[in-house]
Structure formats: C-alpha cells, structure tokens
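A.B. asks: One structure follows; several queries about it will come next.
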C-alpha cells in the first residue's frame, strides 16, 4: 500500500460580499445547513457568522463530494447553502435531500438556486437509464481504482445480484473509466460503483448507479 499525503489547498476567493448582497433570498428559511467543496471549507465559519448575524440558525455540515453527500443528508434544516463552484455537487445534494439548495459561488460571485426543472431533468435521465437497464442482458460493473472511489465489495455484490436474475455481468476495473476506454466493450448497460458523475457523461449506453439498479430490479 502506497502512503498518500493530502495537502489542503484552499481558494482565495471571498464568498462574503455576494452572500451579504443575497441574504434576502434566504429570508423565508430559519434553519440553514452550510456545506462546501474542499476548496472552500476554510470559509464556512465566516459564512455561518454572516448568516447568524442575519438571525439564522446555522448547522455546518462540512464537505460534500460527488460520490458522497452524507454530510448534507444528515442535516435537520429548512434549506442548504452550498459554497463552491459548479452545479454537480449541489444538484446531488438537492436530489438526495429534497430540500431547497442554494449555490454561493465565490469564484463567479453569483448566488443561485438549484431549480425544480434541474431536478426533474436529472431524475428523468436517471429513470430513462433504469428503464433501459431492465431490457439489458449483459452488464459491465464499473470499478474505479482511484483513491476513495474503489469499492470492489459492492461490485461483487452487484455482479452476484445480476447473475442471480439470469443476467451476464463482468467486473470492469480501471483508473480512468472514460467513454472512449469503455466504447469497445460489448455490454448492454454499465453499472457504476464509483463516482456518480459518470451518469451525466456520454457513454453511448445507459449508466446506472449500483444502489439505484438493485433497488429498481428488486
């Protein structure tokens, strides 16, 4: 096993100015959870302080990942404020929690919200992939060898689950599970045990997350 040294690297972008300008958009929510990507963890206490000054009850959830939103799911709040750039992480939080999720982007200095249309489009794509999975006979179970993403135990469980239902299933393990790398493989559907970001990529075949698939087929 190779030892890995993780060195925090925080963004210098300041989320406070745009937060102060946008406080009125949070006026109807009393109890707010605050989460972020790793680059902005160092500013969560500052964000929480501004919200408390505005009369809000704050619960700091900490870091969320593309693969895991547990820190957000566990929060007992009325709404969630995500501090960071991009929409992938907050969309995942919105789908998992079914709460209003606001985006405080220190890079672009934009304050936004995950809309109901975004959620519907995401869930619609996921449902369409699951429907196509029902029609599939040959599955490729994807395993990422990247640190923090590899879950061979889950992959073997999914393989056994599918074979128990008369399907063919193969374990496909690699560091880079890109569409081009997987294109030559003769499978009908991919089952993802790694980062759920792959759902949104163009893999030329349906990609379903392992938990979604086993629950759906059960």
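The values are calculated or read from the model by the stated rules, or taken from the named source; none is laboratory data. Keep in mind that this is a model prediction, so the values were computed, not measured. Heads up, the Cβs are rebuilt from the backbone with ideal geometry, glycines too, and the neighbour counts pull from every protein chain shown.
A.B. asks: All but one of (1) in contact (Cβ under 8 Å) with a residue 24 or more places away in the chain; (2) in contact with a helix residue (DSSP H, G or I) (Cβ under 7 Å, 6 or more places away or on another chain); (3) closer than 22 Å to residue 195 by Cβ; (4) crowded, with 20+ Cβ neighbours inside 10 Å hold for residue 47; which doesn't?
C.D. replies: Condition not satisfied by residue 47: (3).
A.B. asks: Name the residues in region 125-151 that are assigned to a helix (DSSP H, G or I) and either assigned by TED's automatic domain parsing to the domain that holds residue 87 or touching a residue at least 24 places away in the same chain (Cβ under 8 Å) (or both), would you? Don't jump to the end; show me each part of the working.
C.D. replies: Restricting attention to region 125-151, the residues satisfying the condition of being assigned to a helix (DSSP H, G or I) are 125-134.
125, 126, 128, 129, 130, 132, 133, 134 - these are the residues of region 125-151 that are assigned to a helix (DSSP H, G or I) and either assigned by TED's automatic domain parsing to the domain that holds residue 87 or touching a residue at least 24 places away in the same chain (Cβ under 8 Å) (or both).
A.B. asks: Does residue 166 meet the test of being surrounded by fewer than 15 Cβ atoms within 10 Å (Cβ to Cβ), part of a loop (DSSP other than H, G, I, E, B) and out of contact with any helix residue (DSSP H, G or I) (no Cβ under 9 Å at 6 or more places or on another chain)? Spell out the reasoning first.
C.D. replies: Working: surrounded by fewer than 15 Cβ atoms within 10 Å (Cβ to Cβ): yes; part of a loop (DSSP other than H, G, I, E, B): yes; out of contact with any helix residue (DSSP H, G or I) (no Cβ under 9 Å at 6 or more places or on another chain): yes.
Spelling it out, residue 166 is indeed surrounded by fewer than 15 Cβ atoms within 10 Å (Cβ to Cβ), part of a loop (DSSP other than H, G, I, E, B) and out of contact with any helix residue (DSSP H, G or I) (no Cβ under 9 Å at 6 or more places or on another chain).
A.B. asks: Being part of a strand (DSSP E or B), closer than 28 Å to residue 19 by Cα and without any contact (Cβ under 8 Å) to a residue 40 or more places away in the chain: is that true of residue 117 here?
C.D. replies: So residue 117 does not fit the description; no.
A.B. asks: Separate question: Of the conditions (1) surrounded by fewer than 14 Cβ atoms within 10 Å (Cβ to Cβ); (2) closer than 30 Å to residue 4 by Cα; (3) modelled with pLDDT under 80, residue 152 clears all except one; give me its number.
C.D. replies: Status for residue 152: all satisfied but (3).
A.B. asks: Quick test of your reading of the structure: residue 41 fulfils all but one of (1) in contact with a helix residue (DSSP H, G or I) (Cβ under 8 Å, 6 or more places away or on another chain); (2) at pLDDT 90 or above. Name the failing condition by number.
C.D. replies: Result: residue 41 fails condition (1) only.
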